[in-house]
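Please find one structure pasted underneath; my questions will follow.
The values are calculated or read from the model by the stated rules, or taken from the named source; none is laboratory data. For clarity, every value in this text was computed on a predicted model and none was experimentally measured. Here the Cβ positions follow ideal geometry from the backbone for every residue, glycine too, while neighbour counts run over all protein chains shown.
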Amino acid sequence: MDELGERKEIILNAIIKNYLETGEPVGSRTISKATDLNLSSATIRNEMSDLEELGYIVQPHTSSGRIPSDKGYRFYVDHLIAAKDREVTEMQEMMIEKTEKMEKMLKQVVKVLANNTQYATMISAPSLQRNRLKFVQLSAVDDHQILSVVVMEGNIVKNKIIPVEEPLDSETMLKLNILLNTHLTGLTVEEINLGLIAKLREQAGIHEEIIAQVLNTVAETIHEGDDLEIYTSGATNFFKYPELSDSQRASELISAFEEKQALADLIAETQGEDETGIQVYIGDESPIQTMKDCSVVTATYELGEGVRGTIGIVGPKRMDYENVMDNLKNLKVQLDKILKR
């Protein structure tokens, strides 16, 4: 790998990518248009001659263009895998660090909000809504195993080992990567329909089972993103209001906060409406049965790429709506700024 300079690498990558897309030998004029090197055709031809002498490309007898050799494919695949591995590792490290900081911050935020309003408060960690696929990377682990890496928006990463009966050569692996990313990048799980799946499996031919396994990994990644982390504070504030403080009513409200399933349903309801402003549910308007004697005020904060969280305040119908809305508005703005950094 050290024998190639940056210019030769760029030209070699351009030859391989163009050949993978077209199946036709690649000439110097094509390379000139496909790169930003601003080199003459003669200079590019000289570089291509050097690459041919080094064994990275070959010239078919019937054409003046070049195609990749096995050595060229190996160079491309090794560099592609290394680049994707670095990207995946960086994303995983970043997400772990962000998650730890976010959990600490949200726990503090919900306590401050309960103290400022004197009501029960909740906040959900950011989760994916209609998340889209960013890219898929297949790479060989050994002759009988392939590593599938699926990266979704929000940098959610899922790794899965796929068994194979026979080893796959470099060109086959590249074609499968191109097939998957060409058809799946940018799609939500709802958009990956039966027609698209059938088309992918047909184009994959004898490797259709690999495609099926990758699609399963996509579905698993999205399903795992459905688990909500919800932080609460101030549930005992219900006892401060006579209309909510009798033992049965207060017990039901506190139980809803402790079990959190009702809160998860509330979050699903608010985020399902695809609104990011402040929403107010009064009495019977509340989507949670145990909160029919309360008012519930929510706001949604965003990180972009379909990643959202919900802030909620629950109190008596006679709550100080102006104070609650001011607190939510300020907190929503602060969270949007902090989490988008």
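Hey, residue 177 hits all of (1) of a type in the set (S, T, N, Q); (2) in a helix (DSSP H, G or I); (3) modelled with pLDDT under 85 but one; which does it fall short on?
(3)
With respect to residue 245, determine if the residue is of a type in the set (Gly, Ala, Ser) and more than 14 Å from residue 313 (Cα to Cα).
Here the answer is yes, as residue 245 does meet what is asked.
Return the only residue of 265, 227 being in contact with a Ser or Thr (Cβ under 9 Å, 6 or more places away or on another chain) and at pLDDT below 85.
227
Suppose we keep only residues that are free of Cβ contacts under 8 Å to residues at least 40 places away in the same chain and acidic (Asp, Glu) within the stretch 170-202. Which one would you say is surrounded by the most Cβ atoms within 10 Å (Cβ to Cβ)?
191
Sticking with this one: Take the residues in the stretch 19-32 that are part of a helix (DSSP H, G or I) and over 33 Å from the mean Cα position of the chain (by Cα); name whichever of them is surrounded by the fewest Cβ atoms within 10 Å (Cβ to Cβ).
Per the stated criteria, the residue is 29.
Which pairs have Cβ atoms under 6 Å, sit 6 or more apart or on different chains, and link a residue in the stretch 314-334 that is not assigned by TED's automatic domain parsing to the domain that holds residue 242 to one that is surrounded by 13 or more Cβ atoms within 10 Å (Cβ to Cβ) and among the hydrophobic types (A, V, I, L, M, F, W, C)?
Listed pairs, sorted by first residue: none to list.
Could you tell me whether residue 308 is at pLDDT 85 or above and basic (Lys, Arg)?
no
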